[in-house]
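Here's the structure, in structure tokens; my notes come after.
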Amino acid sequence: MKRRAWLTLGAVVLGGGGIATYAVASPSTDAAGDVQPKRPVKVYDLTLKSTEAGKRELPRTETKQFSLLGVSWTGVTKPLEGTAQVRTRSSETGDWTAWQDLETNIDPPEDPDERSGARGASEPLWVGPSDGVQVQVVHEDGSTSAGLPKGLEVNLVDPGIATAAEQRTAGDDPDPAAFAVDGTPSPSPTVSDSASASPTPTDTATATASPTPTATIPTAPPSTVPEPTIVSRAGWGADESLSPDPSEYNADVKAVFVHHTDGTNDYSCTDSAAIVRGIYAYHTQTNGWNDIGYNFLVDKCGTVFEGRKGGVDLPVLGAHTYGWNRESAGIAVLGNYTDAGASNAALTSVARVAAWKLGQYGVDPDSTVQLKAGATQKNLAGTSFTAGESYTFNRISGHRDGYATECPGNSLYAQLPTIRAWASGPVQGLKLTSLTGATLSGSTYWTKGAITAKWSATTPSSLISRFELLVDGKVVASVAGTATSASTTLAAGTHTVAVRAVHQSGKTDSASTTTALTVATDTTAPTFSTTPKITLRTGTVNTTAVPVTLGWKAADSQALKSVSLLSPTTATFGATTTSSSRTAKSGTASTWSMKAYDVAGNTRTSSPSYTPMILQETSATKSGSWTARSSTSYLGGKSYSSGSKGASLTWTFTGRSASWVVSRASTSGQAYVYVDGTKVATVDLKSSTTKYRDAIWTKSWSSSAKHTVKIVVVGTSGRPTVTTDGLVYIK
């Protein structure tokens, strides 16, 4: 394996007889000048032994900490025809994982003659902080070792601690120059002269069939969409001494290839910078490339990391998709997306980066393009490509579209149409969720004037330029793409109200404008054509609660919504309701306040006051024979009783409603009722059950006036007795 002059090399003997070589990157100051690595990246290589035909392995071996690993072998063009599996021991729990497969079907170099010092290698696998490893590589037929490549070894990467954020959270760490296997400390590393003599390798970018990349730094063209936030190489702690070669540049970026990095999806996003450093070290120190292969990397939280150096806004030649690197950029999502899809945050960031890069060259992310093949090969679907010929690709394609690999995983590949739609626009899934300040009645919303429209969209807000509130087709308010509402005040009359979303590309269509709502402005308050009033009704009377009927009638010029009772108690009634049975406290003036609402939100309040009064028998003018009776069941504890035909009681009062209160039994008789000298009713007091304080007869008038009510005993045969308990009236 090729080693560079900027690495220090050493070796240590394994307890089981194996040899561990290690490469320690020299600490370097962050390019931003504000971060000094606390522990540099380290790469350790452990040789696999032959234990039986067709198998190479490393038994369980204790190590110092590492977090990423892969398997590599001599001969960069030789495939590994078999399976490679690893187990690791967590340095936090001490538990060993189950066997995990390594992806070995990775892109070959496009020009093996210029890569004589590079190695074949699996995809790297992030395993998290670990201090033990076990490896087995088995030939596909399981019976011969001749088919396995030579020089098999497992490559362990400790991404170290390199950023200010990591320094704030990290505790004391081991000596960066020490690496112990089976508990044995390593000797002091020494510089290898052979490393500096090795030719500098290129990566999978070179191909004679495509335009030759240039080392001349081009001018960054402006993009049609905003640049997303990108963590710089300095920000994730790249040690630039690992990549001393100058960057190379393509003429432009015609397409974007989406990848996944494989490994776990259970990583913490606080570890993302370390994962990127680990991949960087693996690509340069294990694969032997001159830099990390991807142009950009995105974690599951949506953080975008600068990959290959040379300028995020420039068409940097990457090493990500065999045969197609010359006209494209590569974006890798951290994790494995074979069975599970990528998060919306990750998809959003991939869409934003792709739209920005393609927007620099004025192309639609949801279009197709002709790309010239840099190698003769087939992709995963079996489509054949011939070097030098042109083929149609989606502007945003998956790694498998260009090469026979499962990358970016079945689930993420199925999400590429979503990425294209989000990147290209227009905005999708826009809908109005509510219109506050207005009430729907029939097909029209009614308002007093001020309204707030609220909406939602399936396109992420970071890909939306703005939302526009339209009234009668004209923009009356414009808010940021992150907003979810906008307000305006409508003039009198009927209007149409809609919301339009403008994608960051500037695209809109009929689907990115909501269906217009009809909204009418109404500022006229409802009226009480009949003001609230209470009238006495039949029922049981006591000194604190008199049965009454509350009546009213409200109307509106457009549409009445409801009427509410505000005092002396509360209730809400529908627009067509005009009465309610209530009780009122006797002897006390009560305000019966009601508010009428129309559908636009206009209101009218009416608050008349009424007092129920109880007149005892003692206040009546008597004629004939009456007997006073005492009982707690009577109003005031007393009542009058008479069985004498023609005996009468007369009350005079000023009010608007009256009720006669009696006691009733099976032996009770009848009485005539006279109002203002006119006989108006014959009332039978007979009842199968005994009743006290029963308002048996009521009479109401349209307004308050002086009235006389007279009760006359009929003298009913066999049951002549009438027991009266008073008169109640409303004043």
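The values are calculated or read from the model by the stated rules, or taken from the named source; none is laboratory data. It should be emphasised that the depicted structure is a prediction, and the values quoted were computed from it without experimental measurement. In this analysis, Cβ positions are derived from the backbone assuming ideal geometry, glycine residues included, and neighbour counts consider all displayed protein chains. Ligands, DNA and RNA are stripped out before the accessible areas are found, and what is left, the full protein with its side chains, is counted by its heavy atoms. Shrake-Rupley method; radii C 1.70, N 1.55, O 1.52, S 1.80 Å.
Key figures for this structure:
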item: Segment 511-571: radius of gyration over Cα atoms, expressed as a fraction of 2.2 N^0.38 Å; result: 1.88
item: Peptides ranked, highest mean first, by Cβ atoms within 10 Å: ranges 268-278, 557-567; result: 268-278, 557-567
item: Hz values of 3J(HN,Hα) by residue in segment 92-106 - Karplus curve (6.51, -1.76, 1.60), Gly and Pro given as x; result: 8, 10, x, 8, 8, 7, 6, 5, 10, 7, 9, 7, 9, 8, 10
item: Charge dipole magnitude, Cβ of K and R +1, D and E -1 - the chain, Cα centre, debye nearest 20; result: 7220 debye
item: Peptide ranges 499-511, 589-601, 61-73, 430-442 listed from the most packed, as the mean C-beta count within 10 angstrom indicates; result: 61-73, 589-601, 499-511, 430-442
item: Sulfur and carbon atoms: percent of accessible area, the chain [1.4 Å]; result: 48 percent
item: Derived scalar couplings ³J(HN,Hα) [segment 309-314; Karplus, 6.51 cos²θ - 1.76 cosθ + 1.60; whole Hz; x for Gly, Pro]; result: 6, x, x, 5, 8, 10
item: Placed amide H near residue 726: partners under 5 Å, 5+ positions off or other chain; result: 661
item: Segment 328-353 and segment 704-731: distance between their alpha carbon centers, rounded to Å; result: 90 Å
item: Segment 512-652 - percent relative contact order, Cα under 8 Å, separation 6 or more; result: 21 percent
item: Neighbour net charge for residue 313 - beta-carbon separation under 12 angstrom, K R +1, D E -1; result: -1
item: Stretch gain in nm, segment residue 264-residue 530, where the contour uses 0.36 nm per residue and the Cα spacing is subtracted; result: 88.3 nm
item: Mean separation of Cα contacts under 8 Å, 6 or more apart, over the residue count of segment 243-371: relative contact order %; result: 35 percent
item: Correct option for Kirkwood radius over Cα pairs in Å [calculated from the coordinates] among (1) 33.0; (2) 31.9; (3) 29.7; result: (1)
item: Solvent-accessible heavy-atom area per residue, rounded to whole Å², over segment 348-466 at 1.4 Å; result: 37 Å²
item: Amide H contacts under 5 Å for residue 539, placed H, 5+ residues apart; result: 695
item: Average Cα contact separation per residue, segment 243-312, under 8 Å, 6 or more apart, as relative contact order %; result: 27 percent
item: Gap separating the Cα centres of segment 299-327 and segment 565-610, nearest whole Å; result: 71 Å
item: Cα-centre dipole for segment 414-517 with unit charges at Cβ (Lys and Arg positive, Asp and Glu negative), debye to 20; result: 100 debye
item: Built amide H within the under 5 Å cut-off of residue 562, gap 5+; result: 597
item: Farthest toward positive dipole pole in segment 590-710 [+1 Lys/Arg, -1 Asp/Glu at C-beta], among 623, 672, 704; result: 623
item: Cysteines without a disulfide-compatible partner [the chain; Cβ-Cβ under 4.7 Å]; result: 407
item: Derived scalar couplings ³J(HN,Hα) [segment 417-426; Karplus, 6.51 cos²θ - 1.76 cosθ + 1.60; whole Hz; x for Gly, Pro]; result: x, 5, 4, 4, 5, 5, 5, 7, x, x
